[in-house]
């Protein structure tokens, strides 16, 4: 009796030099399953807020919200704007269990982070995935943030602590709420795992997309209040401000 799904064609082969691009199906000239033309056409994040990574028209600025009130997290790092085809790739990874697409994005995120580390960004002590509510975890079968954090951990050699944070209350899907509603619903949604020790540690939250930043703010504040020294946020993509062009 066969219990494994039958694949008629390879999805990707990480240990071979010859890859097939997951976006166009052509042979690649890279070690990842994405060809150079497709990679160059991804919606790379341009000028953005120096704190929350919100797309801005000029470099080196803070968005109005971060300038008025600094968030609890130190800095958001995201390689892409949430636009086609990255938005489609994330959706297929997250809601259709297309893990190879998530793995590809995770590998490219790791490369981007390593570039920042090489330029002087402080490496965190651990990667902490944003927890998923138990009901959604049962429905989806996996937490995309945990997978991303584990892939980043292997690539960057930074420990992943996927049991540090708990989601103790479920909330409505965050993408359908405005910023004020998100903050209200998230105040009591998270908790630290029993026995967690955070004294003076530098942690990096890992998630797929940063929208209003309410989840990151709630978790960063929780970690800082428990003794963490600094919290960064690593994610695949940053959405524009509602009403702004993508």
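Annotations
- Full-extension gain in nm, residue 119 to residue 154, via 0.36 nm per residue minus C-alpha separation: 10.6 nm
- Taking all Cα pairs closer than 8 Å and separated by 6 or more residues, the relative contact order of the chain comes to 20 percent.
- Label point distance in nm, residue 50-residue 168, each placed 7 Å from Cα along Cα→Cβ: 3.7 nm
- Order of 93, 117 - criterion: other Cβ atoms within 10 Å of each residue's Cβ, fewest first: 117, 93
- The fewest-to-most ranking of 239, 36 by surrounding Cβ atoms within 10 Å reads 36, 239.
- The chain: most fluctuating residue of 233, 168, 128 per GNM, C-alpha cutoff 10 Å: 168
- Computed per residue of the chain from DSSP H runs no shorter than four, each worth -39500 (n - 2.57), the mean residue ellipticity at 222 nm is -9500 deg cm²/dmol.
- For the chain, alpha-carbon Rg and Dmax in angstrom: 18.1, 62
- Segment residue 31-residue 139, length gained on full extension (0.36 nm per residue, minus Cα span): 35.5 nm
- Antiparallel %, DSSP beta bridges [both residues in region 44-238], to 5: 20 percent
- Put simply, the convex hull of the Cα atoms in region 53-182 casts, on average, a shadow of 9.4 nm².
- Sorted ascending by nearby beta carbons within 10 Å, beginning with the fewest, 241, 98 become 241, 98.
Bear in mind these aren't lab numbers, they're just calculated from the coordinates by the rules spelled out. For clarity, every value in this text was computed on a predicted model and none was experimentally measured. Cβ atoms come from the backbone with ideal geometry, glycine included; neighbour counts cover every protein chain shown.
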